[in-house]
Amino acid sequence: MAVRLVPQDRFKVIPPQPRDQSLPFPAPITAPADPEAALERARRLAGRTVAELAAAMGRPVPHLPRQGKGFVGGLVEWHLGVTAGSEAAPDFPTLGIEVKTIPLAASGQPKESTYITVVPLTGLIGLTWAGSVLRAKLLHILWIPYDGERGHPLAERRIGSPRLWRPTAAEEAALRADFEDLMELVALGGLTELSAEMGTHLQIRPKAASSRALTAGHGAAGQAIRTLPRGFYLRPSFTARIFRPMPGSGL
């Protein structure tokens, strides 16, 4: 689906939406009925500042960058009516749509890798790409870009125009190849060998609030171990393709 993105060079010039298209507040809204309804809700957020979205929820905006990690994503999900309470399902389970916020530089390039879901470290017998949580989340994503320039105060950063995206057959094949290569190493107990450098489009990285947050895994000899949780991340080189200017868009 072709959805126009905000001009890539300046998020700060996106005008606020007219007040007759007010934000859904003060209470969270129900889940959208279909993909177009989800996309329309996301479009209504375009041009809004983080401060506006937070005010509608009655939440203060963190002052420190580290405190703001995940804050924008939580605001957007609330305003879109995200209902999934589990890592094992897309954010809109009945629609099969995952919602992902992504910070972009002034150039339009993603600022960082995008977390998708946790890496299963146990119970791997019979696990396939087709039946994986990762594939379920990657098959249909509602991308919400926002101003990711670190020099801009978090409260003043604006939300960009969304894109409802599905991977092409070639993209899915490439993601599957990464998944299978990485999960083979996990299944063989090679957690200590895993590196963020592995994988062309997907990478596995630690996903924990601290080094003390351990989970169950398997060592090289098949023994039970305690290890850091891991997550699947899409590389910026992959997500950058999603936000490339579209032919005839003028971007």
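The values are calculated or read from the model by the stated rules, or taken from the named source; none is laboratory data. Here the structure is a predicted model, which means the values were calculated and not measured. Cβ: placed from backbone, ideal geometry, glycine included. Neighbour counts: every protein chain shown.
Some values worked out for this structure:
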{"quantity": "Residue within region 124-133 that is assigned to a loop (DSSP other than H, G, I, E, B), modelled with pLDDT of 90 or more and touching a Gly at 6+ places or on another chain (Cβ under 6 Å) present", "calculated": "no"}
{"quantity": "Single condition ALA88 does not satisfy, out of (1) surrounded by fewer than 16 Cβ atoms within 10 Å (Cβ to Cβ); (2) at pLDDT 95 or above; (3) among the aliphatic types (A, V, I, L, M)", "calculated": "(2)"}
{"quantity": "Qualifying positions in region 45-79 - assigned to a helix (DSSP H, G or I), among the polar types (S, T, N, Q) and either touching a residue at least 60 places away in the same chain (Cβ under 8 Å) or surrounded by 13 or more Cβ atoms within 10 Å (Cβ to Cβ) (or both)", "calculated": "none"}
{"quantity": "Test for THR101: is it within 26 Å of ARG43 (Cα to Cα), touching a residue at least 60 places away in the same chain (Cβ under 8 Å), crowded, with 17+ Cβ neighbours inside 10 Å and of a type outside the set (Asp, Glu)", "calculated": "no"}
{"quantity": "Yes/no for GLU77 being in contact with a His (Cβ under 9 Å, 6 or more places away or on another chain) and either closer than 20 Å to GLU40 by Cβ or at pLDDT 85 or above (or both)", "calculated": "no"}
{"quantity": "In region 94-115, the residues that are among the polar types (S, T, N, Q) and in a strand (DSSP E or B)", "calculated": "THR101, THR114"}
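Residues are listed down the side, and each one gets a yes or a no for (1) in contact with an Asp or Glu (Cβ under 7 Å, 6 or more places away or on another chain); (2) at pLDDT 95 or above; (3) of a type in the set (Asp, Glu):
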site: GLU172; (1), (2), (3): no, yes, yes
site: LEU188; (1), (2), (3): no, no, no
site: SER195; (1), (2), (3): no, no, no
site: GLN223; (1), (2), (3): no, no, no
site: PHE232; (1), (2), (3): no, yes, no
site: ARG235; (1), (2), (3): no, yes, no
